[in-house]
Amino acid sequence: MGEERAGHAGMMENFSALFGGAEPPPPAAATALGFGPGKPGGAGAGPPPAVATPQTAEDAARKAAAASGPFYLMRELPGNMELTGSTNLITHYNLEHSYNKFCGKKVKEKLSNFLPDLPGMIDLPGSHDNSSLRSLIEKPPICSSSFNPITGTMLTGFRLHAGPLPEQCRLMHIQPPKKKNKHKHKQSRTQDPVPPETPSDSDHKKKKKKKEEDPERKRKKKEKKKKKNRHSPEHPGVGSSQASSSSSLR
Amino acid sequence: MAEKFDSLEEQLEKFVENIRQLGIIVSDFQPSSQAGLNQKLNFMVTGLQDIDKCRQQLHDISVPLEVFEYIDQGRNPQLYTKECLERALAKNEQVKGKIDTMKKFKSLLIQELTKVFPEDMAKYKAIRGEEPPP
């Protein structure tokens, strides 16, 4: 968890590095509302305050100067307070958490990963079994606006024949294959590992035995070679050198 | 915000569970389970009524139609959110790049024009007022 947080923090550093650290934070009231500095003349701007009159007079003077001067095609600059793409809009709207949540780690592709408890094959396209949400919007079912309980006489229509359903109708019991695989993996982990584990264990034991046996064998071999060397006076030095070389190899 | 969805989520979970149980009863129906089936059917109706009641709390929620396409294709709808955020960030970066480049261009242009037309540029600066350097 701590690592995850650290990872997110690191990513956000990179993320904010794209926009530089000099970006001024939005005003507290504005961020609390989820909006940045209001556009001039926007819905929340209201009538211009009295303080603004000197500014407007100044602007008018400038406009007059501009009209009389050489810059007759000059337009007014856009307001500096307007929210543009120069600000990091994700941080502006406090969406860093969502960004880290969805873009920080890999989101699983299938719908069954999002709704793991939903029964049935939900990963198949809705057009296969005519269960798409799009069709529900485009062709809404013709029905009354209220839901009424099913009374005694209406319930007679739901009397069913005894016995199991034919296999092609058992859609509810079919689960997405990924789940099955997971289950199989779990099973294989519980059942299968026994055979592979045993050989690995035995191998390990064998290795241990080999290791345990090795010094004993060496001793025995050395003793045998010494005896041979004692009995064969023709090659007194060769035997000892061979023994040393053989021991060094093993 | 999330509290709004809690009751709907709860109702939907109950409804799905009821449907699942209904499916089990129907898949191997026994005459003795008719009463249980009738009860489950009425639970389904009340479940739908409860879900319908949740509509009042969520009248201000709008869902993009593209999300339905993801669900219809059997894809995780969170992928839509992810792609949206990635697209927004990419566009944001592009626009920021353009704005920064235009600001640099403007300052360079003013600099060069000041060398060639110092008087006119002095007038221009007087009209525009003092602008902070980019």
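Kindly indicate whether any position in segment B:13-22 is out of contact with any Lys or Arg (no Cβ under 9 Å at 6 or more places or on another chain) and within 7 Å of chain A (Cβ to nearest Cβ).
yes
Tell me which of these A:Leu124 doesn't satisfy, since it passes every other one: (1) more than 7 Å from every other protein chain (Cβ to nearest Cβ); (2) out of contact with any helix residue (DSSP H, G or I) (no Cβ under 8 Å at 6 or more places or on another chain).
(1)
What pairs come out if I take residues in segment A:102-115 that are within 7 Å of chain B (Cβ to nearest Cβ) and under 13 Å from B:Ile71 (Cβ atoms) and pair them with residues that are assigned to a helix (DSSP H, G or I) and open to solvent by 30 Å² or more (accessible area, probe 1.4 Å) whose C-beta lies under 7 Å away, six or more apart or interchain?
A:Lys110/A:Lys178; A:Leu111/B:Ile71; A:Phe114/B:Gln78
Please note which helices (runs of 4 or more DSSP H) are completely contained in segment B:13-123 and include at least 1 residues that are assigned by the TED database to the domain that holds B:Ala2, hydroxyl-bearing (Ser, Thr, Tyr) and open to solvent by less than 70 Å² (accessible area, probe 1.4 Å). Before the answer, list the steps.
On the way: elements: B:34-54, B:65-72, B:78-116.
Passing ranges, in order: B:34-54.
For segment B:18-32, give me the residue count where each residue is more than 10 Å from A:Gly163 (Cα to Cα) and touching a Pro at 6+ places or on another chain (Cβ under 9 Å).
Of the residues in that region, 3 qualify.
Across segment B:76-105, what is the total count of residues that are under 17 Å from A:Gly85 (Cα atoms) and within 14 Å of the chain's Cα centre (by Cα)? First the steps, then the outcome.
In the first step, residues of segment B:76-105 are kept if they are under 17 Å from A:Gly85 (Cα atoms); the result is B:84-104.
From what's left, within 14 Å of the chain's Cα centre (by Cα): B:84-88.
Qualifying residue count, segment B:76-105: 5.
The values are calculated or read from the model by the stated rules, or taken from the named source; none is laboratory data. Since the structure is predicted, the reported quantities are computational estimates derived from the model, not experimental observations. A quick note on method: Cβ atoms are made from the backbone with ideal geometry, for glycine too, and the neighbour counts reach across all protein chains shown. Just the protein is used for accessible areas: all its heavy atoms, side chains included, with ligands, DNA and RNA removed. Shrake-Rupley method; radii C 1.70, N 1.55, O 1.52, S 1.80 Å.
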